[in-house]
């Protein structure tokens, strides 16, 4: 009788451990599943800054200062210069100031304000300064340069990306394949802002 009670007790303890272990494993599996879902969400959100899967069609025409231009708006309407500034300093979309100095934008940076310095203060020197860009190019030429610098300057070596195409890039993160860097409206906004730079 005493041995059977010990055996029953041992069996009950074993069943409890197995049940607790199964519950713990299920909780860990649920937690891992939730972690994977968050990781997938983060992974998919890498290209959710406004990048479109559709690009606007456009017609090339003869330029005045360079061979070609896009004389018509990509959206059929004018861009918003205020929004254009936002895209020019956006560190994942336009990020124009990573390569180009723009005095008008630098003037917005306050030396004692780290946030404004981060947004407006650090300009690259890889590309030409954009000061006086409207003296060098027409609006249609600027539009083509932003859409596809390689079409604008086919004989030049330029590392400027084409901001409004969705294929033909090298080494694209898997999640970002099939997306343009900027939408047609964002392009028009940037062009509108660039037209304010004298």
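Sort out which residues of the range 166-177 are more than 13 Å from the chain's Cα centre (by Cα) and assigned to a loop (DSSP other than H, G, I, E, B), and write them in order of number.
167, 168, 169, 170, 171
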**Study point:** Number of the exception - residue 159 against (1) surrounded by fewer than 16 Cβ atoms within 10 Å (Cβ to Cβ); (2) under 17 Å from residue 95 (Cα atoms); (3) modelled with pLDDT of 95 or more
**Key:** (3)
**Study point:** Hits in the range 178-198 (condition: in contact with a helix residue (DSSP H, G or I) (Cβ under 6 Å, 6 or more places away or on another chain) and in a helix (DSSP H, G or I))
**Key:** 186, 187, 189, 190, 191, 192, 193, 194
Practice item. For the range 48-155, please list each of the helices (runs of 4 or more DSSP H) lying entirely inside it that holds at least 3 residues being touching a helix residue (DSSP H, G or I) at 6+ places or on another chain (Cβ under 8 Å) and surrounded by 15 or more Cβ atoms within 10 Å (Cβ to Cβ). Key: 81-89, 139-147
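The values are calculated or read from the model by the stated rules, or taken from the named source; none is laboratory data. It should be emphasised that the depicted structure is a prediction, and the values quoted were computed from it without experimental measurement. Backbone-built Cβ (ideal geometry, glycine too); neighbour counts: all protein chains shown.
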